[in-house]
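Read through the structure below, which is laid out as structure tokens, and then see the notes.
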Amino acid sequence: MNIPKIRPFTDSDIDALQQLIYQTIDDAYTGVYGPKAIQYFKNYHSSSQILTDARQGQTMVLDLNEAIVGTGTIWEQNIRRVFISPAFQGRSFGRMVMNLGYTGEIYNLHVAPAFQSQGIGRLNRQNLSFPPGIN
């Protein structure tokens, strides 16, 4: 298995990063949430918000053969905007981002099935609260 390199986000990554995030939202949320909710998520992860968070915190990207396949942002005490390309999910890349966020260290993980054994999965609609009219 190829392991991506974790590197700091640069402003020149914005288009590829937003495309990754929107692709992941479409893949993971279509059929679970309605179109208004999906648009709400995309608006929340706009390029201007990505840049704001990157300047206030620390945004990292997972770079595999010069393609961005994942991202995460550490801001104050929060880990936010963790997205892994649907084509690369199930390979522990999300865990790499989370471990870096919690410990500041990068671990070389090869245990892909660990997501389910630890209860990590797709978002559950009941866990989220939307503004009125968004569902």
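The values are calculated or read from the model by the stated rules, or taken from the named source; none is laboratory data. Bear in mind the structure is a predicted one, so any value in this text is a computation, not a measurement. Using ideal geometry, Cβ is built from the backbone for each residue, glycine included, and neighbour counts are taken over all protein chains shown.
Remarks
- Ala28 satisfies every condition listed in (1) of a type in the set (Gly, Ala, Ser); (2) part of a helix (DSSP H, G or I); (3) at pLDDT below 85 except (3).
- Those residues of region 26-59 which are under 21 Å from Ile14 (Cβ atoms) and in contact with a Phe, Trp or Tyr (Cβ under 7 Å, 6 or more places away or on another chain), in sequence order: Ile38, Tyr40, Phe41, Lys42, Asp53, Ala54, Gln56, Gly57, Thr59
- Thr73 vs. criteria crowded, with 16+ Cβ neighbours inside 10 Å, closer than 16 Å to Thr10 by Cβ, touching a helix residue (DSSP H, G or I) at 6+ places or on another chain (Cβ under 8 Å) and among the hydroxyl-bearing types (Ser, Thr, Tyr): yes
- Listed by first and then second residue, the pairs with beta-carbon distance under 6 Å, at least 6 apart or on different chains, first residue in region 47-65 and part of a helix (DSSP H, G or I), second at pLDDT 90 or above, are Ser47/Ile14; Ser47/Gln18; Ala54/Phe9.
- Within region 1-15, if we keep just the residues that are surrounded by 15 or more Cβ atoms within 10 Å (Cβ to Cβ) and of a type in the set (A, V, I, L, M), the residue that is farthest from Gly72 (Cα to Cα) turns out to be Ile3.
- Within region 41-61, if we keep just the residues that are of a type in the set (Gly, Ala, Ser) and under 25 Å from Arg95 (Cβ atoms), the residue that is surrounded by the most Cβ atoms within 10 Å (Cβ to Cβ) turns out to be Ala54.
- Selected residue (criterion: nearest to the chain's Cα centre (by Cα)) from residues of region 25-40 that are among the aliphatic types (A, V, I, L, M) and surrounded by 13 or more Cβ atoms within 10 Å (Cβ to Cβ): Ile25
- Given (1) in contact with a Gly (Cβ under 9 Å, 6 or more places away or on another chain); (2) within 19 Å of Lys5 (Cα to Cα), index of the condition Val69 fails: (1)
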